[in-house]
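The values are calculated or read from the model by the stated rules, or taken from the named source; none is laboratory data. On a predicted model such as this, the values are computed, not experimentally measured, just so you know. Note that we place each Cβ from the backbone using ideal geometry, even for glycine, and neighbour counts take in every protein chain shown. Keep in mind that these areas ignore ligands, DNA and RNA; they rest on the heavy atoms of the full protein, side chains included. Shrake-Rupley method; radii C 1.70, N 1.55, O 1.52, S 1.80 Å.
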Amino acid sequence: MRRTNIFISIILFAFTGYYAYLISGLPARNIPHTLGADFMPWVLTVCLLLLSSLLLMKSLFYKREEERVVGISLKEVAGILSLMAIIIAYIAAMIYFGYVFITPPFIAAMMLMSGSRKLKEIIIFPIGITLAVYIFFYRFFNVLLPGGKIF
Amino acid sequence: MSDVALAALSDVLRLPNLIASMMGVFFGLFIGASPGLTISLGMVLLLPLTFALSPVTSFCLLLGLYTSGMTGGSISAILLNIPGTPSASATAIDGHEMAKKGRAGEAIGTAVISSFFGGMFSLGCLVLIAPAIAKFALRFGAPELFALVLLGLTLICSFGQRSIIKGLISGVIGLIFMTVGLDNMMGIPRFTFGYVELQAGVSFLPALIGLFAIPQILEGIVIGAQVIPKYEAKISGLLPRFKDITQLFKTMVLGALVGTGIGAIPGAGGPIAVFLSYDYAKRISRNRTLFGTGLAEGVAAPESANNGVAGGAMIPMLTLGIPGDPITAILLGALMIQGLTPGPLLFQTNAQFVYSVFWAFLVANIMTLFLTLSTIKVWVRLLQVPKRILLPIIAILCIVGSYALHNTFFDTGVMLFFGLLGYFMRKYEFPVVPMLLAIILGPALEEHLRISLIISQGDPSIFIRHPISLVFIIISLISFIGPLLKRIRASEEE
Amino acid sequence: MIAKKFGYGMFICVIILSFSVAAFGGGKYPSKPVKFLIPFGAGGSADVMGRALAKGTEKHFGQPFVPINKPGAGGGIMYTALKSSKPDGYTVGWNSTSVLTCTNIGNVPFMYDAFEHVCRIGFTAMPIAVRSDAPWKTFGEFVDYVKKNPAKIKIGNAGTGSATHLTAVLMEQELGLKVIHVPLGGKRRIPSLLGGEVEVICVPLPEAAPHVAGGNARLLVMPTAKRDPAFPDIPTFKELGYPIVIELFRGLSVPKGTPKSIIRKLEKAFKKGSQEPSFTKIAKKRGFNISFMGRKKFQRYLEDQNELIARAYKISGLVK
């Protein structure tokens, strides 16, 4: 835990630095008697700097903190990345092919990942869910679903 | 009871109006419960329908949707830890813990009954003392609102579970994200990297869905964790017992008071009310330390507050013609479409209509109560759906819902970003609730601060010279320093 | 067993559905619903009027319009989305003065001429309003007071660079006044006026009208070309001798490159839609003056207003 916290505070320092760099590039435009667009960001920068230093100091010097292991295993990261990749691929595909055609295979993929192994289930549910959402959103509430450039 | 009130009642009880009310309640429950469909969206979709309806019928429909939408939001918060509406996010804290312990039915029951109580309480205020409240609410200018938002933000300290430092970091990062976008005060874009989409800033609904729903999906699918509470078929304990409800009475009154009061202030907003109410319920409770572990009080407080907001927000709308929150803004639009001019004159020229609104709100609350209570079993049975099917459904609703909000995938991207962030925050023990509070309150904090200073011509003493703002600032200081001192004392005693 | 049957049923539905979707493509315009983009959030004036117009025009057009809110960047988000959509007539934008303000201030990297403008539907006045217990009975008295007390009076607007702000800036300039501009935003302007936080606001008429009727607020002056039919007693700037005519107009735009025949079809449909009783009724109740302008006339009107607004930005120092 301590070592992870030290690592996190270093990341936070980097983030703070980058944020400060962005603030300094803000265009200046003044309304008399009030704070500019960069006031609040600067306050937040100082707060974050202070807090991450506190976190760092606490992790370095406050040794009573129990040594629990927290964090994410490599396998987990791989799993998350692959799921995210599927989601992003789904969204990208929707831009071109629209909601109706792309959603069933996406749901099927997610069901496979979460341990569904029955073929019937993998065929029936994705189609059913896709249609239910389509009817509920589009036909019932007249909410536009992603249309797709090709269809 | 006056003749006008009775005439209004018999009008509201006409079959078409009751059907409209029922339809509104039915839609609202689904809209509220599905992440990605908001009450405002539902209202706007129904608005063109009301063009052709009589004023009373359209209000029966819209108020039904408003009331039950608020309740519906807490159902998904309790069962799945995904608040269906922003105002249900405080309910998720204890409600979902209850569900995890197999008390999902009781949690929903408590939520529904407290909602009903909050709604009734605020209706009472609306009928009896609306003009007085509205007059007081008008005294909330920029400095008062700044102080109120500040008070809301100090709650971050109370939600920093293990480490206050991490809670504060999470809050500050949330505030930093909210500085992205067009600065309305100066009209300049900030941190947009040249993307016009980013000028709208981080829409908080996708951020909210991301922070809560995506980690559930990731955890459930990737790790195979038991993210959905087990369904327990035991029917006993499905509904809260009468004795439990009476014990919650104090909490519900508190929630209703906070909700109605804050709801009546134009521009303050529902989420701040539910979190304040949750925090105060915790402070006055005997079971203080059990909050966050699945306590019925932790559900009752925010729930009575969020339906209190509904009635509270109608106070300035009806008496002054000023909406109390975004949803009443749409109601106000509906009123004007019907050719009715809200404001003090409405009570004189259209007294019967005003009474009809009161009755319609009453009917909507009663219908929501019965519809939800009678369907608790159905909702809880949702937990019976296997994870491998339920999680993909949630994922689809989140993705499609965040797209449908403004018809752009940009919001879906925002949702995924906050989803990943929320996942890593959970893993590294950064509490998520402070970030949520910051996202909801951040823009208002900055805006009111700067407007106050323009009004006072750069003199910061404006926050102390205004008595209401002074009181809030003092309370904020206490609630900021209190938890810190407690933490320090606790560590010394070790 | 039932689940199985249900599943097959669903499968057949999907196949039928996909054919019907495919059948949408091609053919005569309009052959499918048209997206109707609204530059502001749900429940506001732009939203309500836009939805009412979309509904009223449907039957003259032959296909439904699907209203979509795209708020943000003072309208810039919607205009950007409109600019990047296909110029096939299936996306129209419900424009407003914001097409001139958010472009001139530089929120978006293009100007109003990045679109084909179909027509203007009408406009809303943005009067100067005070509380009913304010000491000034006429605009003249107000001007005298401000001249004697420079930089004391606070005027609320919807945000720096918004149309209401520009109106106040033009007034300040033309009359030689000195005031404090308070960017209150849309939600807070009426409460701030009634609560006494600011003395004056510049506000779209529909928002002020109920409070005038309710006896809480008064109007001093109208920045429109002619007096408003609903408030025939309130003078205009022009009558008082100041050349300020700035209106919150609303109309329709399509992406550049949309075929002329489609634009003409839209123009015709919206002209009829703007006369539809369901729309005119709502417009009247909301203080929206229907005054249709065809494509060519609207183009010239836009040029004039654009010049005025660009000038106001220079004066206020927002744009160099």
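To keep it simple, each residue is scored yes or no on (1) more than 18 Å from B:Gly174 (Cβ to Cβ); (2) in contact (Cβ under 8 Å) with a residue 60 or more places away in the chain; (3) among the aromatic types (Phe, Trp, Tyr).
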{"residue": "B:Met415", "(1), (2), (3)": "no, yes, no"}
{"residue": "B:Phe418", "(1), (2), (3)": "no, yes, yes"}
{"residue": "B:Leu421", "(1), (2), (3)": "no, yes, no"}
{"residue": "B:Glu429", "(1), (2), (3)": "no, yes, no"}
{"residue": "B:Ala444", "(1), (2), (3)": "no, yes, no"}
{"residue": "B:Ile462", "(1), (2), (3)": "yes, yes, no"}
{"residue": "B:Ile473", "(1), (2), (3)": "yes, yes, no"}
{"residue": "B:Ala490", "(1), (2), (3)": "yes, no, no"}
* Among the residues of segment C:308-320, which ones are closer than 15 Å to C:Val169 by Cα and open to solvent by 90 Å² or more (accessible area, probe 1.4 Å)? -> C:Arg311, C:Lys314
* To do: Restricting attention to segment C:60-78, report how many residues are crowded, with 24+ Cβ neighbours inside 10 Å and in contact (Cβ under 8 Å) with a residue 60 or more places away in the chain.
  => 1
* Only residues that are touching a residue at least 40 places away in the same chain (Cβ under 8 Å) and in a loop (DSSP other than H, G, I, E, B): list them for segment C:177-202, please. => C:Gly186, C:Gly196, C:Glu197, C:Val198, C:Glu199
* Residues of segment B:201-229 that turn out to be surrounded by fewer than 24 Cβ atoms within 10 Å (Cβ to Cβ) and touching a strand residue (DSSP E or B) at 6+ places or on another chain (Cβ under 6 Å), as a count -> 0
* Structure fact -> Selection over segment C:208-229 where residues are of a type in the set (A, V, I, L, M), within 12 Å of chain B (Cβ to nearest Cβ) and more than 19 Å from the chain's Cα centre (by Cα) yields a count of 3
* For segment B:272-305, name all the residues that are crowded, with 19+ Cβ neighbours inside 10 Å, among the aliphatic types (A, V, I, L, M) and part of a helix (DSSP H, G or I). => B:Ile272, B:Ala273, B:Val274, B:Leu276, B:Ala281, B:Ala296, B:Val299, B:Ala300, B:Ala301, B:Ala305
* Return only the number of the condition from (1) under 26 Å from C:Gln63 (Cα atoms); (2) at the interface with chain C (Cβ under 9 Å from one of its Cβ atoms); (3) modelled with pLDDT of 80 or more that A:Leu144 does not satisfy. => (3)
* Asked: Based on what the data block shows, is B:Leu198 crowded, with 24+ Cβ neighbours inside 10 Å, within 14 Å of chain C (Cβ to nearest Cβ), closer than 22 Å to C:Pro71 by Cβ and aliphatic (A, V, I, L, M)?
  -> no
* Applying the selection to segment A:77-92, what residues are more than 14 Å from B:Ile217 (Cα to Cα) and within 7 Å of chain B (Cβ to nearest Cβ)? -> A:Ile91
* Asked: How many of the residues making up segment A:93-108 are more than 8 Å from every other protein chain (Cβ to nearest Cβ) and open to solvent by 50 Å² or more (accessible area, probe 1.4 Å)?
  -> 3
* Asked: Regarding B:Arg465, is this residue of a type in the set (Lys, Arg), open to solvent by 30 Å² or more (accessible area, probe 1.4 Å) and modelled with pLDDT under 90?
  -> no
* Among what's in segment B:408-426 and is open to solvent by 20 Å² or more (accessible area, probe 1.4 Å) and of a type outside the set (A, V, I, L, M, F, W, C), pick the residue that is farthest from the other protein chains (Cβ to nearest Cβ). => B:Arg426
* Structure fact -> Among helices (runs of 4 or more DSSP H) completely within segment B:1-115, the ones holding 2 or more residues that are open to solvent by less than 30 Å² (accessible area, probe 1.4 Å), touching a Gly at 6+ places or on another chain (Cβ under 7 Å) and among the hydroxyl-bearing types (Ser, Thr, Tyr) are B:55-80
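Condition check ((1) assigned to a loop (DSSP other than H, G, I, E, B); (2) open to solvent by 40 Å² or more (accessible area, probe 1.4 Å); (3) basic (Lys, Arg)) across all residues:
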site: C:Gly241; (1), (2), (3): yes, yes, no
site: C:Gly251; (1), (2), (3): no, no, no
site: C:Thr258; (1), (2), (3): yes, no, no
site: C:Lys284; (1), (2), (3): no, yes, yes
site: C:Lys297; (1), (2), (3): no, yes, yes
* Checking C:Ser192 against (1) more than 23 Å from B:Ala142 (Cα to Cα); (2) facing another protein chain (nearest Cβ under 8 Å); (3) at pLDDT 90 or above, the condition it does not meet -> (1)
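Rundown of residues vs (1) open to solvent by 70 Å² or more (accessible area, probe 1.4 Å); (2) in contact (Cβ under 8 Å) with a residue 60 or more places away in the chain; (3) not hydrophobic (A, V, I, L, M, F, W, C), yes/no style:
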site: A:Ile11; (1), (2), (3): yes, no, no
site: A:Phe15; (1), (2), (3): no, no, no
site: A:Tyr18; (1), (2), (3): yes, no, yes
site: A:Ala28; (1), (2), (3): yes, no, no
site: A:Thr34; (1), (2), (3): no, no, yes
site: A:Met40; (1), (2), (3): no, no, no
site: A:Leu50; (1), (2), (3): yes, no, no
site: A:Leu54; (1), (2), (3): yes, no, no
site: A:Ser59; (1), (2), (3): no, no, yes
* Asked: Taking B:Gly311 and the conditions (1) touching a Cys at 6+ places or on another chain (Cβ under 8 Å); (2) within 14 Å of chain C (Cβ to nearest Cβ), which numbered condition does it fall short on, given that it satisfies the others?
  -> (2)
* To do: Can you give me the number of residues within segment C:155-189 that are β-branched (Val, Ile, Thr), under 22 Å from B:Arg139 (Cα atoms) and either open to solvent by 20 Å² or more (accessible area, probe 1.4 Å) or at the interface with chain B (Cβ under 8 Å from one of its Cβ atoms) (or both)?
  => 2
* To do: Select the helices (runs of 4 or more DSSP H) contained entirely in segment C:65-167, then report the ones holding at least 3 residues which are at pLDDT below 90.
  => C:76-83, C:98-104
* Asked: Is there a residue being at the interface with another protein chain (Cβ under 10 Å from one of its Cβ atoms) and surrounded by 19 or more Cβ atoms within 10 Å (Cβ to Cβ) anywhere in segment C:199-207?
  -> yes
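For every residue, the table says whether it meets (1) of a type in the set (Gly, Ala, Ser); (2) without any contact (Cβ under 8 Å) to a residue 60 or more places away in the chain; (3) open to solvent by less than 10 Å² (accessible area, probe 1.4 Å); (4) closer than 30 Å to B:Met314 by Cβ.
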residue	(1), (2), (3), (4)
B:Ala130	yes, no, yes, yes
B:Lys135	no, yes, no, yes
B:Leu148	no, no, yes, yes
B:Gly167	yes, no, yes, no
B:Gly171	yes, no, yes, no
B:Phe177	no, no, no, no
B:Phe191	no, yes, no, no
* Considering segment B:379-396 alone, what residues qualify as being within 7 Å of another protein chain (Cβ to nearest Cβ) and touching a residue at least 12 places away in the same chain (Cβ under 8 Å)? -> B:Lys387, B:Leu391, B:Ala395
* Asked: Got a sec? Which helices (runs of 4 or more DSSP H) wholly within segment B:392-494 have at least 1 residues that are of a type in the set (Asp, Glu)?
  -> B:409-427, B:433-455, B:467-493
